[in-house]
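Working notes, structure below.
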Amino acid sequence: MKKVLSFVREHHMIEESDHILAAVSGGGDSVCLLLMLQRLGEAIPMRLSVIHVEHGIRGEASRADADFVRRLCQERGIPCFVYECDAIAYARDHGMGLEEGARALRYELFETCRREQKADKIAVAHNQNDCAETVLFHMARGTGLRGLQGIPPARGNIIRPLLCMERREIEDYLQAQGQGYCTDATNQELVYSRNKLRHQALPVLEEINPKAVGHICQAAGSVAEVWGLLEQLVQEARQRWIRMGGAGNRREAGYFLEEGIVQEPPLVRRTLVMELLGECGGSRKDLTGIHVAQVLGLLDHQVGRRISLPYGMQAYRTYGGIELWQTGCSTEAGADGCSPEPGAGGCGTEPGPGGASIEAGPGGRGTAWEPGGRGIALEPGQSRELRAYGLSISARLLEKKADLQEIPKKKYTKWFDYDKIKIGLLLRNPQPEDYLVIDSQGRTQSLKKYFVNAKVPVRQRGEQLVLADGSHVLWAVGGRISEAYKVTGATTRILEVNAVGIEECR
């Protein structure tokens, strides 16, 4: 208890009067977490609740786990919220493996419950063995310094009070307390990569040194400190060598890398380019060191050389450096009328303000934005193609479901309460009077202030795509949505707005 209390205080995980939502599966780690948090309440007054997610994977066994957690919470006088879901369907629909999909869905539901119960933090039961397994897993798959950091004690509103304990310490504690727990049979199945590391790799390392788990975690902590210093150097290099927009200030070019970047140490420039690729493409999942090397390799080639990258990105060697941008159009010379040069209109579209070109969906050509940046309307059943952004944006009405666990957490798919829309929806660029609601109390914030807080570069702010109802911004596309339009239990009609990359020129 002293060890955990010291760890929690060291990392400022829990403050007095915090409402902590503990994720309890029923397994030994999470049961220990629950017991520890309840004891910690004697030293740090807090409000404690529990969430349990029943994934719908193990049938009667998983329902028995849910019943166990309910009883445990009832015995201890702790509010318990059980969410039932279909992790198999979720993983299939999102193109994920079952393990990855179940985790993603689980954290979505954690956050849903945290908001509904107005909790401050979500406590999860990761321990030092989990951290060591994560480091080994990343090493086996291939990683840089980022992946060697292991699991952080806290990130955002997620806290990990047991990250100072090894699994055997947890088991000893539960035995001393006479506390039972559930055993998930799938944790023994070696078809899962994590289980192979847990039952085969780590035991061998512990034969070499019984303190292997702790040493791996210590090394991960040292890497995290190094990563913090590296990030500082990368941001300084970014200020020196990176600017928004292309060399010719073309709208579709996301970044311009000045060739002076070669003056930076290799590690700094590689890390910086990976950061830019992740931002430009919207994900790092399919990006590797090979893609970074390809981008930097352009500096050794003459002007006009171009490469294609994941997520529809293009990198182009131009005078003074490299342009990096994302587009859905083919870059084959003359393909379907698309120009191979960045900055050309392409696809036969006429430019709107600032070079933006807009087409309607199945109905044919749309209209360019009106003078003053009015934008174009978006209604249920419609689709709009914005080629300057490489996006196709569509809207549809959904039937109200009995529960709201399906609310998407995707960056480019959002749900809104359709009946709260007062004037009508426009896709447009920001206007000086724009604002959004930032909390459930109805407090507002100017869009300009949001850009500042979100650290959106000044050069990007005027070209940010927003979905607005008059001056009220529902969604800064790719960013946050207004609290005022969020789907609630009182919602009767849901408007789903989906933004996807344009796959090909039509």
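The values are calculated or read from the model by the stated rules, or taken from the named source; none is laboratory data. Since this is a predicted model, take the numbers as computed values, not measurements. Here the Cβ positions follow ideal geometry from the backbone for every residue, glycine too, while neighbour counts run over all protein chains shown. With ligands, DNA and RNA removed, areas are computed over all heavy atoms of the protein, side chains included. Shrake-Rupley method; radii C 1.70, N 1.55, O 1.52, S 1.80 Å.
Values for this structure:
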| read-out | value |
| --- | --- |
| Test result for S17, polar (S, T, N, Q) and in contact (Cβ under 8 Å) with a residue 60 or more places away in the chain | no |
| Odd one out for L267 among (1) surrounded by fewer than 18 Cβ atoms within 10 Å (Cβ to Cβ); (2) in contact with a Pro (Cβ under 9 Å, 6 or more places away or on another chain) | (2) |
| Answer residue from the stretch 72-82, given it is open to solvent by 70 Å² or more (accessible area, probe 1.4 Å) and out of contact with any helix residue (DSSP H, G or I) (no Cβ under 9 Å at 6 or more places or on another chain) and is nearest to V50 (Cα to Cα) among those | Q74 |
| Residue match in the stretch 108-129 (condition: among the aliphatic types (A, V, I, L, M), buried (at least 22 other Cβ atoms within 10 Å of the Cβ) and in a strand (DSSP E or B)) | yes |
| Options D419, D403, D439: the member that is in a loop (DSSP other than H, G, I, E, B), modelled with pLDDT of 85 or more and more than 30 Å from W325 (Cβ to Cβ) | D439 |
| Of all residues in the stretch 295-318 being out of contact with any helix residue (DSSP H, G or I) (no Cβ under 9 Å at 6 or more places or on another chain) and either under 25 Å from G478 (Cβ atoms) or surrounded by 16 or more Cβ atoms within 10 Å (Cβ to Cβ) (or both), the one that is modelled with the highest pLDDT | L298 |
| Identity of the residue in the stretch 15-46, part of a helix (DSSP H, G or I) and open to solvent by 40 Å² or more (accessible area, probe 1.4 Å), that ends up farthest from D120 (Cα to Cα) | R39 |
| Checking V69 against (1) surrounded by fewer than 22 Cβ atoms within 10 Å (Cβ to Cβ); (2) closer than 24 Å to I170 by Cα; (3) more than 27 Å from the chain's Cα centre (by Cα), the condition it does not meet | (1) |
| Condition check for R194: modelled with pLDDT of 95 or more, within 29 Å of A119 (Cβ to Cβ) and surrounded by 13 or more Cβ atoms within 10 Å (Cβ to Cβ) | no |
| Close pairs from the stretch 99-120: first among the small types (G, A, S), partner surrounded by 16 or more Cβ atoms within 10 Å (Cβ to Cβ) and modelled with pLDDT under 95, Cβ under 6 Å, at least 6 apart | G101/A87; G101/Y90; G101/A91; A102/H55; A102/A87 |
| Qualifying position, being polar (S, T, N, Q), more than 16 Å from V31 (Cα to Cα), in a loop (DSSP other than H, G, I, E, B) and open to solvent by 20 Å² or more (accessible area, probe 1.4 Å), among T183, T143 | T143 |
